[in-house]
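Read the structure below first, then the notes.
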Amino acid sequence: MLVPLFLVGDVPHVVLTKRRDDLRRHAGEISFPGGRQDPEDADLCTTALREAEEEIGLAPGGVELVGALQPVPTIATNYAVYPFVGLIEPGQTWRPAEAEVEQVLEFSLAQLQEGYGRRSILRRGVPFRTDTYVVDDHLVWGATARMLADLFDRLG
């Protein structure tokens with residue numbers, strides 16, 4: 001998983017994707033670009049860069065990797081997600097993968113932090129309270145919210 005960050009002036013922003021509503025897994029959810037490791041991927045960092053290019057058209061050469069966040073378990077699919085943080089240039093032209101990505105989102109970290117709250121979510125008919133971030137009508141929760149919390153902790 002890649003956590004793409006860029007600066008507009010001195011304001012840090014992050015790139016997320018809204019997945020298509022008709023997908024079998026994680027339909028309509030907001031996440032960072034990323035996916036499963038392919039056998040030809042040298043390592044998980046290579047996977048993150050390849051998936052970001054496939055999902056949003058971000059060229060691997062345009063990413064300066066600066067670190068990694070803690071691996072995050074997913075509850076619904078029982079995976080461990082390994083997020084890598086990369087700096088990119090602002091003003092990218094996104095090319096969302098039509099089969100997976102409905103929309104590419106750019107939010108300032110301040111917008112996300114302002115939208116933080118513990119909310120009740122209904123997932124597969126089961127209500128639960130969890131950390132969330134809301135910007136406009138976009139709800140970020142689950143593993144992505146946990147990655148954002150780790151990022152915010154590290155940035156202070």
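Looking only at the stretch 13-33, decide whether some residue is in a loop (DSSP other than H, G, I, E, B), of a type in the set (Gly, Ala, Ser) and touching a Pro at 6+ places or on another chain (Cβ under 9 Å). Break it down into steps so the answer makes sense when it comes.
The initial filter retains those residues of the stretch 13-33 that are in a loop (DSSP other than H, G, I, E, B), namely 20-29, 32-33.
Next, only the ones that are of a type in the set (Gly, Ala, Ser) stay: 27-28.
Next cut, touching a Pro at 6+ places or on another chain (Cβ under 9 Å) only: none.
For the stretch 13-33, residues in a loop (DSSP other than H, G, I, E, B), of a type in the set (Gly, Ala, Ser) and touching a Pro at 6+ places or on another chain (Cβ under 9 Å): absent.
Listed residues Arg50, Arg95; which is among the basic types (Lys, Arg), at pLDDT 95 or above and not in a loop (DSSP other than H, G, I, E, B)?
Details: Arg95 fails: not in a loop (DSSP other than H, G, I, E, B).
Arg50 is the lone residue from the list that is among the basic types (Lys, Arg), at pLDDT 95 or above and not in a loop (DSSP other than H, G, I, E, B).
Residues that are over 12 Å from the mean Cα position of the chain (by Cα), modelled with pLDDT of 95 or more and more than 25 Å from Thr132 (Cα to Cα): does the stretch 101-115 have at least one?
Scanning the stretch 101-115 turns up no residue that is over 12 Å from the mean Cα position of the chain (by Cα), modelled with pLDDT of 95 or more and more than 25 Å from Thr132 (Cα to Cα).
Return the residues of the stretch 92-128 that are open to solvent by less than 70 Å² (accessible area, probe 1.4 Å) and among the small types (Gly, Ala, Ser); say none if nothing qualifies.
Ala97, Ser108, Ala110, Gly115, Gly117, Gly125
Enumerate the pairs (first residue in the stretch 68-91 and within 17 Å of Thr46 (Cα to Cα) and without any contact (Cβ under 8 Å) to a residue 24 or more places away in the chain; second residue anywhere and part of a loop (DSSP other than H, G, I, E, B) and open to solvent by less than 80 Å² (accessible area, probe 1.4 Å)) with beta-carbon separation below 7 Å, excluding pairs fewer than 6 apart on the same chain, so at least 6 apart or on different chains.
Within 7 Å, the pairs are Ala68/Pro83; Ala80/Pro71.
Of everything in the stretch 129-144 that's part of a strand (DSSP E or B) and of a type in the set (Val, Ile, Thr), which residue is surrounded by the most Cβ atoms within 10 Å (Cβ to Cβ)? Give the steps one after another, and end with the answer.
Residues of the stretch 129-144 that are part of a strand (DSSP E or B), as a first pass: 129-135, 138-140.
Subset that is of a type in the set (Val, Ile, Thr): 130, 132, 134-135, 140.
Numbers: Thr130: 15, Thr132: 19, Val134: 16, Val135: 16, Val140: 24.
Top of the filtered list is Val140.
Among the residues of the stretch 16-23, is any within 16 Å of Pro60 (Cα to Cα) and either out of contact with any helix residue (DSSP H, G or I) (no Cβ under 8 Å at 6 or more places or on another chain) or buried (at least 19 other Cβ atoms within 10 Å of the Cβ) (or both)?
Residues of the stretch 16-23 within 16 Å of Pro60 (Cα to Cα): none.
Within the stretch 16-23, none of the residues are within 16 Å of Pro60 (Cα to Cα) and either out of contact with any helix residue (DSSP H, G or I) (no Cβ under 8 Å at 6 or more places or on another chain) or buried (at least 19 other Cβ atoms within 10 Å of the Cβ) (or both).
Filter the stretch 77-91 for residues that are touching a strand residue (DSSP E or B) at 6+ places or on another chain (Cβ under 9 Å) and either assigned to a strand (DSSP E or B) or open to solvent by less than 60 Å² (accessible area, probe 1.4 Å) (or both) and give the result.
Looking only at the stretch 77-91, we keep the residues that are touching a strand residue (DSSP E or B) at 6+ places or on another chain (Cβ under 9 Å), and these are 79-91.
Passing the criteria: Ala80, Val81, Pro83, Phe84, Val85, Gly86, Leu87, Ile88.
The values are calculated or read from the model by the stated rules, or taken from the named source; none is laboratory data. It should be emphasised that the depicted structure is a prediction, and the values quoted were computed from it without experimental measurement. Here the Cβ is made from the backbone with ideal geometry for all residues, glycine too, and neighbour counts use every protein chain on show. All accessible areas refer to the heavy atoms of the entire protein, side chains included, with ligands and DNA or RNA removed. Shrake-Rupley method; radii C 1.70, N 1.55, O 1.52, S 1.80 Å.
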